[in-house]
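Worksheet: one structure, shown below.
The values are calculated or read from the model by the stated rules, or taken from the named source; none is laboratory data. What you are looking at is a predicted structure, and each value in this text was computed from that prediction instead of being measured. Cβ atoms come from the backbone with ideal geometry, glycine included; neighbour counts cover every protein chain shown.
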Amino acid sequence: MLTLHSPAKINLFLKIVHRRPDGYHELASLFQALSLRDEIHYTLHSSDQLSCSDPSLPTDSSNLILKAVNLFRQKTGLLFNVKVHLEKKIPYEAGLGGGSSNAATTLWALNELLEKPVTETELSAWSSEIGSDIPFFFSSGTAYCIGRGECVRSLNPLPQTSLWIVKPQHGLSTPAVYRRVNLDKLSSHNPEQVLSGFIAGAPCYFNDLEIPALSLLPSLATLRTELLDLGFKDVLLAGSGSSFFCIGPATPPHRPDLFCAKVNYLNRTSGHWY
Ligand code: C5P
């Protein structure tokens with residue numbers, strides 16, 4: 001059996017450049033992997049099986065883990081089956097890339113279990129066929145991503161900062177948030193300049209998906225104000241939401257309706273998973 005960690009991600013900034021003819025949005029975004037991680041167990045088996053610690057998560061062919069298994073089989077032509085058990089720690093419909101990370105981790109796991117028939121570069125390139133955010137996880141864990149998000153440039157690790165993830169009970173659907181984007185209401189930041197700022201130690205957090213997400217789920221604005229009032233310096237939507245990442249010397253409230261996790265930035269070196 002092989003056990004791997006599957007990390008969450010946030011977008012330290014996310015700029016929407018334009019809407020593309022294929023319906024996707026051209027992005028310029030700084031992605032960062034986090035120490036908040038699922039744990040996934042893999043065993044080669046006589047049939048494909050997927051189970052999950054959280055019974056509310058679908059384990060049918062819509063699950064990105066099984067899509068990744070089928071993709072690996074189709075691309076390599078290898079005959080195998082695998083039993084997978086997912087210990088879910090990353091909340092879903094949260095903008096934290098949990099499903100994408102599970103898919104990337106699965107491609108990595110299969111390559112390990114089948115004695116490395118392909119390179120990390122091939123795994124990363126294939127993965128973009130089943131999700132825009134998946135190639136990021138084959139980076140160093142800190143990456144500037146453009147295109148749909150699938151064109152990935154790895155960066156050196158950023159300095160750690162005091163960071164919490166906070167998610168309300170309601171989740172958000174990524175396509176629904178993108179459908180709400182008003183192209184006349186996007187930020188005017190120059191992403192290359194913002195990226196240079198992050199590298200130089202002068203971060204500027206922003207997310208063009210925040211306005212559409214808050215219009216879909218107005219209670220998010222109240223939660224953000226509450227978190228800022230507690231003393232967090234920056235409170236930003238994670239990806240397409242509904243979770244926030246909160247930076248600064250504060251602690252989120254203990255409330256049964258909130259998922260809260262103190263996290264760190266997480267990086268990996270080539271040849272090793274997270
Ligand atoms: O690529 P993925 O399947 O993860 O994307 C989910 C949805 O998010 C897409 O169907 C699309 O509605 C939206 N999306 C987008 N532009 C991107 C990435 C995702 O519009 N760059």
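Quick notes on this one:
- Hey, residue 170 surrounded by 13 or more Cβ atoms within 10 Å (Cβ to Cβ) and either part of a strand (DSSP E or B) or not aliphatic (A, V, I, L, M) (or both) or not: yes
- Of residues in the stretch 173-212 being among the aliphatic types (A, V, I, L, M), more than 24 Å from residue 264 (Cα to Cα) and within 14 Å of the ligand (Cβ to nearest atom), the one surrounded by the most Cβ atoms within 10 Å (Cβ to Cβ): 177
- Residues (in contact with a Gly (Cβ under 8 Å, 6 or more places away or on another chain) and either part of a strand (DSSP E or B) or at pLDDT below 95 (or both)) located in the stretch 136-153: none
- Meeting the requirement of 1 or more residues that are modelled with pLDDT of 95 or more, touching a strand residue (DSSP E or B) at 6+ places or on another chain (Cβ under 7 Å) and among the hydroxyl-bearing types (Ser, Thr, Tyr), no strands (runs of 3 or more DSSP E) wholly within the stretch 191-274 can be named.
- Among the residues of the stretch 115-151, those identified as among the aliphatic types (A, V, I, L, M), surrounded by 20 or more Cβ atoms within 10 Å (Cβ to Cβ) and either within 16 Å of the ligand (Cβ to nearest atom) or within 30 Å of residue 222 (Cα to Cα) (or both) are 134, 143.
- Residue pairs whose Cβ atoms lie under 6 Å apart, separated by 6 or more positions or on different chains, with the first residue in the stretch 21-37 and touching a residue at least 60 places away in the same chain (Cβ under 8 Å) and the second more than 9 Å from the ligand (Cβ to nearest atom) and assigned to a loop (DSSP other than H, G, I, E, B), are 33/141; 33/266; 34/266; 35/264; 35/266; 36/90.
- Annotation note: Cβ proximity below 9 Å between a residue of the stretch 181-201 that is farther than 12 Å from residue 12 by Cα and in contact (Cβ under 8 Å) with a residue 40 or more places away in the chain and a residue that is surrounded by 14 or more Cβ atoms within 10 Å (Cβ to Cβ) and polar (S, T, N, Q) (sequence gap 6+ or interchain) occurs for 187/207.
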